[in-house]
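Student: Quick one: this structure, given as structure tokens, is what I'll be asking you about.
Any read-out appearing in this document is the output of simple, stated calculations on the displayed coordinates, not a laboratory observation. On a predicted model such as this, the values are computed, not experimentally measured, just so you know. Heads up, the Cβs are rebuilt from the backbone with ideal geometry, glycines too, and the neighbour counts pull from every protein chain shown.
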């Protein structure tokens, strides 16, 4: 047993040098220590030499102390490494979001109604971006047709007004800009806009003129079909539930106006993925379907907007986003941070006889997470907040 104790002590010493197997070394040192003590006591009673037993005992005792210390440092190191790994993911997400915000800020300030001089400045910005930022090319559409940003500047009249709509790709970067002269019919130019954060849907109602032939008119009965819906005020700290009417906002006639909105349904998982894939497979879709990232799943949010108070509902434009709860702009789940962006889904749904418009958007969410907030309305105006499911 003395020899065994010595051998185990030597092995424990070797393990102590390698450091990584310290917990195993502790076990071997304890066994060697026990064998050394037993052998020393036994030989002491019989009068035999105890040198080997004592040497093995001493080595095992020393290695036990050393390996206990190493095991503690190893455990602390693993905890620190795990913490650093999680923090690194969060830092990477924050950096990505910062780069995205910096890129988008060059264009987002032009969203809405702009004078001709501002539009020319925007086109200069687009031209410079496309010349030096090949990772995120921005395409410009004028009156629904794709145009070269540099050449389009000659068509812009400084004294005229234009409507500028900013569209983002699935990753949240500005990638399309729609420019429409204010004198041009909105219905003609918003039919094909498919924005990430903005939904534009053209509606035409056919009415019969008793004095002449049948003519097509836009929303002639709008003022006679008020729904009298009153939405509730909400905040991120006090969000509404699915099915409740809130107060959001939309861009209309050159300004943001309050609009009653409600989330009607949230679909997640395989059903949402199937619906999104069917949408992306359409010829009219500008998106290509992709599977959700690891640990995430597709979710589709259906919502309604009450447009009965508007004079003209040829289109409606409501921003949508998904954020974290409380004061968090990102979603926190299982010690990870998620920054998500929405993808608008254009459908055949339009405005009912009571002027209730329906729309939907898709977003990737962490599997099992319900701690998120759905936001409808512009960040520069009134917003409605709804609890996730």
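Student: Output the peptides 271-277, 162-168, 45-51 sorted from most to least packed, where packing is the average of other Cβ atoms within 10 Å over each peptide's residues.
Tutor: Numbers: 271-277: 16.7, 162-168: 21.3, 45-51: 10.0.
Descending packing order for the listed peptides: 162-168, 271-277, 45-51.
Student: Now for a separate question. For the pair residue 74 and residue 41, what calculated FRET efficiency results from E = 1/(1 + (r/R0)^6), where r is the Cβ-Cβ distance and R0 = 25 Å, to the nearest 0.05? Mind dumping the intermediate values first?
Tutor: Values: r = 33 Å, r/R0 = 1.33.
Result of the calculation: an efficiency of 0.15.
Student: Now a separate question. Give me the extension gain from residue 99 to residue 48: residue separation times 0.36 nm, minus the current Cα-Cα distance, reported in nm with one decimal.
Tutor: 10.6 nm
Student: Can you sort 171, 135, 148, 39 so the residue with the fewest Cβ neighbours within 10 Å comes first?
Tutor: Ordered by Cβ neighbours within 10 Å, fewest first: 135, 171, 148, 39.
Student: Sort 69, 140 so the one with the fewest other Cβ atoms within 10 Å of its own Cβ comes first.
Tutor: 69, 140
Student: What's the exposure ranking of 280, 369, going from fewest to most Cβ atoms within 10 Å?
Tutor: Values: 280 16, 369 20.
Sorted ascending by nearby Cβ count, the order is 280, 369.
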